[in-house]
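Trainee: Take this structure, written in structure tokens, and hold onto it; I'll ask about it next.
What follows is calculated from the coordinates using simple rules that are stated; it is not laboratory data. The structure presented is a predicted model; accordingly, all values stated were derived computationally and were not measured. Glycine gets a Cβ as well: all are built from the backbone with ideal geometry, and neighbour counts include every protein chain shown.
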Amino acid sequence: IIAVGGDETDEFLRQSRAFATAWTTRRFSCQHLVLPGLNHYTILSQLADYSSALGRAVFEQMALL
């Protein structure tokens, strides 16, 4: 899971896209999430919230949902 806040700078957004592309080009499973209204500080609160897109992705990856 590659997650980036939608309120990040263009460079953060570009780096997350490049990282996701690098993974998928090598045929690794990858989920790229751009989360609106968040940045690299506020995105952390989403990890423990299974009702958020990031929380659901993490819990699904761990087979807990």
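Trainee: Near the amide H of Leu35, under 5 Å away, which other amide H atoms are found, from residues 5 or more places off or on another chain, if H is placed in the peptide plane?
Mentor: Val4, Gly5, Gly6
Trainee: Follow-up question, since we're still on this one. Under a crude label model (7 Å from the Cα following the beta-carbon direction), how far is His32 from Leu65 in nanometres?
Mentor: Those two pseudo-labels are separated by 2.1 nm.
Trainee: May I pose another question? Rounded to the nearest 0.05, what FRET efficiency do Asp49 and Arg14 have when you use their Cβ-Cβ distance and R0 = 25 Å?
Mentor: On the way: r = 27 Å, r/R0 = 1.07.
Rounded to the nearest 0.05, the efficiency is 0.40.
Trainee: Once amide H atoms are placed 1.01 Å from N in the peptide plane, what residues at a sequence separation of 5 or more from Asp49, or on another chain, have their amide H within under 5 Å of its amide H?
Mentor: Under 5 Å from the amide H of Asp49 lie the amide H atoms of Gly55, each far enough along the sequence or on another chain.
Trainee: Something else about it: For the range 15-57, which chymotrypsin sites (Phe, Trp or Tyr not before Pro) are in a loop by DSSP, counting at most 10 other Cβ atoms within 10 Å? Display every interim value, and only then the final one.
Mentor: Working: sites: Phe19, Trp23, Phe28, Tyr41, Tyr50; in loops: Phe28, Tyr41, Tyr50.
When the chymotrypsin sites (Phe, Trp or Tyr not before Pro) of the range 15-57 are filtered for loop state and at most 10 Cβ neighbours within 10 Å, Phe28, Tyr41 remain.
Trainee: I need the phi-derived Karplus couplings for the range 20-27: 6.51 cos²θ - 1.76 cosθ + 1.60, θ = phi - 60°, integer Hz, Gly and Pro marked x.
Mentor: 4, 5, 4, 5, 5, 4, 8, 6
Trainee: Under 20 °C and 1.002 mPa s, how fast does the chain diffuse according to Stokes-Einstein, given a Kirkwood radius computed over C-alpha pairs? Answer in µm²/s, whole number.
Mentor: Values: Rh = 12.2 Å.
Rounded to a whole number, D works out at 176 µm²/s.
Trainee: Can you compute the helix-only [θ] at 222 nm over the chain? Use -39500 (n - 2.57) per DSSP H run of at least 4 residues, normalise by all residues, nearest 500 deg cm²/dmol.
Mentor: Mean residue ellipticity at 222 nm (helix-derived): -12000 deg cm²/dmol.
Trainee: Moving on. So for the chain, taking the charge dipole from beta-carbon charges (+1 Lys/Arg, -1 Asp/Glu), which of Phe19, Tyr50, Val34 sits furthest toward the positive end?
Mentor: Positive-end residue among those listed: Phe19.
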